[in-house]
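Reviewing the structure listed below.
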Amino acid sequence: RPQRLPASPIASSLMRSRFLRRWGLVSSGAFAVSYANQYRPGALAKGKAEEAPRRILVTGFHDWRALGTPPNIWRCRDNPSCRLLLGRMSASPPSIRGGVLPRILAEQCPPQWEFYYHTLPVVWGASSALDLSNYDLIVHLGLGVYDTYNKIILEDGAYNLRAGKDALGVPATAGGAASLRFGGDMVLSDETMSRNVAALDKTTQVTQVACCPPSPAPPSSATIAQSGQVFQIEAKKARARNSYLCNETHWRALESLQSSKAKNRRLQAVYFVHIPYPVPSGAARTSVPQGPPKENEPDFEPLGQAVAGVIRALGERLK
């Protein structure tokens, strides 16, 4: 009787993923990212025993303005934080994350870094659906730089306040008090996170030259003259003016980090990164943004490279 040949690791993973997706246990998008990281060139050759995998969650937000009637809170057109993850404009999240950021991270980061991606609607409490305890590192992305194309803000702590209306028009005080934690401190922060954010303050992320492959090493000042775009990294303390969904999301992540440390669980680090719009086609990189690009599709590659550099730098600070 002929013997059955053992299934390859790739075939086994494919069959397992189909079973999980059939029963709703994993999304096809999450599998696609995990699969790309696990079986990219060189990953198998390095072996599994080198280093324990690091699970990294990266999130972005959908649009929240001019969403139509009824409002489509899942549209991804104007918000660069979801476009970096999902890719093309979409009325709802596609099953495969086709943005530039997942591709760049897969190319530049160590193979044992397993990335997972999730996009959130801009509604109060949206991040409550995420199980944050299942990751080593969480990086939330959000649009929050409106005066330049060349700055990325790292938030140092979160403020105990909710203000404004979400994408559905629900005010922050609809559920009662505007504070995020009644009786809590006005600022929630973590000493290690603050130290890591401060270490990146006033540094730069430089986009790669179009002709050359991306480098896993942090960019040096010598590459600035050759680069198309330079992004200044700025650290900002928690403040009352930053009290929208981004702040609420970061507050919950910091609370999860506190709990994880107290119980000696997996989660080691959480960050919130505010990003600018990408430069519209034909616009000067030094010009002042006039809202989301309305005509020609912008190039997300420079912004994606800069954000990937920040995520890589934060990931390298894990234990």
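The values are calculated or read from the model by the stated rules, or taken from the named source; none is laboratory data. All values derive from a computational prediction rather than experimental measurement. Counting neighbours? That spans all protein chains shown, and the Cβs are built from the backbone with ideal geometry, glycine included. Ligands, DNA and RNA are excluded from the accessible area calculation, which covers all protein heavy atoms including side chains. Shrake-Rupley method; radii C 1.70, N 1.55, O 1.52, S 1.80 Å.
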Fill in the blank from the handout: Residue pairs qualifying under the 8 Å Cβ cut-off, at least six apart or on distinct chains, with the first in the range 128-140 being in a helix (DSSP H, G or I) and the second being acidic (D, E) and surrounded by fewer than 13 Cβ atoms within 10 Å (Cβ to Cβ), are none
Practice task
Tell me, please, whether a residue that is on the phi < 0 side of the Ramachandran plot, loosely packed, with under 14 Cβ neighbours inside 10 Å and of a type in the set (A, V, I, L, M, F, W, C) can be found in the range 106-122.
Solution key: no
Exercise for the section: Inspect the range 96-118 for any residue being hydroxyl-bearing (S, T, Y) and modelled with pLDDT of 95 or more and give the result as yes or no. Expected result: yes
Exercise for the section: Could you look through the range 180-195, keep only residues that are touching a residue at least 12 places away in the same chain (Cβ under 8 Å) and open to solvent by 40 Å² or more (accessible area, probe 1.4 Å), and pick out the one that is farthest from Q258 (Cα to Cα)? Expected result: M186
Exercise for the section: With respect to L180, determine if the residue is more than 19 Å from the chain's Cα centre (by Cα) and either at pLDDT 95 or above or in a loop (DSSP other than H, G, I, E, B) (or both). Expected result: yes
Problem - Those residues of the range 76-105 which are in contact with an Asp or Glu (Cβ under 7 Å, 6 or more places away or on another chain) and surrounded by 23 or more Cβ atoms within 10 Å (Cβ to Cβ), in sequence order - result: C76, N79
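Going by the conditions given, is G144 modelled with pLDDT of 95 or more and either assigned to a loop (DSSP other than H, G, I, E, B) or open to solvent by 10 Å² or more (accessible area, probe 1.4 Å) (or both)? Don't jump to the end; show me each part of the working.
Values: modelled with pLDDT of 95 or more: yes; either assigned to a loop (DSSP other than H, G, I, E, B) or open to solvent by 10 Å² or more (accessible area, probe 1.4 Å) (or both): yes.
Taking the combined requirement at face value, the residue satisfies it.
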